[in-house]
Amino acid sequence: MITAVAFFALLAFGLPIIFLLIFAALVFALEYDATILFDSFLVQSVKGIEANGFLAIPLYMLVGAVMNQGGITERLMRTALRLVGGLRGGLAYVNVLTNAFAAAILGSATAQIAIMTRTVVPEMVKQGYDKSYATGLTVATGLLGPIIPPSMLMIIYGVLAYQSVAALFIAGILPGLLVTFAFFGTVALLSGRTPETTDRSPPKTTRAELFLDVLPSIIPVVIIVGIVSGAMTPTEAGAVAIVVALALSIFVYRSIGWGDALPVMREVILASSSVVALIGFATLFGWVLSYESVPDLLAKAISSASVGPVSFLLLVCLLVFILGMFLDGIGVLIVLVPILLPLAQSFGVDPVHFGVVLAVATLTGLVSPPVGPGLYIAMDTTGLTMMQVFMAALPFLTAFVLSLLVVVALPGLSTFLPSYLGM
């Protein structure tokens, strides 16, 4: 009880989540007179980041940084504009499709929301869209990042659950397409909010310019084909994707010079360091909880309330949503996977399907008050309040949650492609 009170009090004062996890572990150990654990705090924190699979995280972050610096986002947006810009509310559809394209390169929702609120939202506002609507849509569609491969959440789950990261990447394709079409449908239902007249087509371009705009699609193709063929591990595919992204940005588009390398690397080092530190301290917090059998009590509570695999997964989604309102999604995964995976398997839930459900469910916390980092990123970029962003995003978040329920009820959406490809 003391730990919970201290946790939420410090959360209210805005203590960063990394320090919050350390402090919670300290208070919990003191509350239950387990100070002997202090001797192993550093060892457990380091142990949490030793897995080789985590090497893929900074690699995909670097791909996203190069993509942002090299102007690839704008080219993806022009490609989307050619495909769906002619529809009523064309830029709203362009927003969804651009985020789907970017998701196949970035793998991070927060990175995607940060990039798209700086590029797509201003363009939509300039064309007459309400800023709240444009921002809410962008925040919601940014959630595609960790579903469509590559995905940092899938990497983390794969390492924690000893599952094939390649199979998890492929398992996210059909759920990602489902969420994309759910967003398209929501845009169509809200078409009354879109301006009557928008710039529905890009400027006239030559075939060469069209080819250059489509060329970034080679990055996700390299990643997926490399992994599916077995020629590359997800980590190796990330390294190759960096080479392709740099080659496009430096030699083809000439949008990045050698002088840009230092700022890009600094950005990636800072971002990946925070993720790695979060993984380490979330592992520490989960280990401390395990010492007092908190995971066992939680597992028993969920097990007693479940009557089958679907009800079990729904309870897990509810738990993840509640925790995600206060903890970072990575922290939620690290704390819950060791607890819930054995229980999921006892209910006959496929580990790959369970990983997809967990990854998608975790994203709901990213845009849920009071902590939702996705909301804060959008607020910082657009100047809107948290509730303005959240209320504007709510119709799209509803579509997202409904898609999650479909994924829960239909395991084949997650398992069909990995099974078909022999993964």
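The values are calculated or read from the model by the stated rules, or taken from the named source; none is laboratory data. Predicted, not measured: the structure shown is a model, and the values here were computed from it. Backbone-built Cβ (ideal geometry, glycine too); neighbour counts: all protein chains shown. Please note that ligands, DNA and RNA were not included when accessible areas were found on the heavy atoms of the full protein model with its side chains. Shrake-Rupley method; radii C 1.70, N 1.55, O 1.52, S 1.80 Å.
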Tell me the mean residue ellipticity at 222 nm calculated for the chain from its helices only (DSSP H runs of n ≥ 4, each -39500 (n - 2.57), averaged over every residue, nearest 500). -23000 deg cm²/dmol
Taking the Cα of Glu74, stepping 7 Å toward and past its beta carbon, and measuring to each backbone N in segment 205-246: which are under 14 Å? 213
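Please state the relative contact order of segment 326-385 as a whole percent: Cα pairs under 8 Å, 6+ residues apart?
Rounded, it is 35 percent for segment 326-385.
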Label-point separation (nm) for Tyr253 and Arg82, each offset 7 Å from Cα along Cα-to-Cβ? 1.5
Calculate how steeply helix 173-189 sits against the longest principal axis of the alpha-carbon atoms of the chain, using the helix alpha-carbon long axis, and give the answer as 0 to 90 degrees to the nearest 10. 60
Averaged per residue, what accessible area in Å² does the chain show with a 1.4 Å probe, protein chains only? 42
Looking at the chain, identify the longest residue range that excludes and avoids all GluC sites (Glu not before Pro) in DSSP loops having at most 12 other Cβ atoms within 10 Å. 197-423
Angle in degrees between helix 373-382 and the longest Cα principal axis of the chain, rounded to the nearest 10: 40
Using a ≥ b ≥ c from the Cα gyration tensor of segment 271-423 (square roots of the eigenvalues), is it rounded, prolate or oblate, where a/c under 1.5 gives rounded and otherwise the larger of a/b and b/c decides, a/b for prolate? oblate
For Tyr376 paired with Ser191, estimate the spin-label separation in nm (one decimal), with each label point 7 Å from Cα along the Cα-to-Cβ line. 3.9
Rounded to the nearest 10, the angle in degrees between the Cα long axis of helix 109-126 and the longest principal axis of the Cα atoms of the chain comes to 30
Relative contact order (%) - criterion: Cα under 8 Å, at least six apart; region: the chain: 25
Per the 1.4 Å probe, what fraction of the accessible area of the chain, in percent, lies on carbon and sulfur atoms? 69
Note the listed values (1) 22.0; (2) 22.8; (3) 21.3, then indicate which one is Kirkwood radius over Cα pairs in Å calculated from this particular structure. (1)
Correct response: the longest run of the chain lacking exposed trypsin sites (Lys or Arg not before Pro), defined by DSSP loop and at most 15 other Cβ within 10 Å, is 255-423
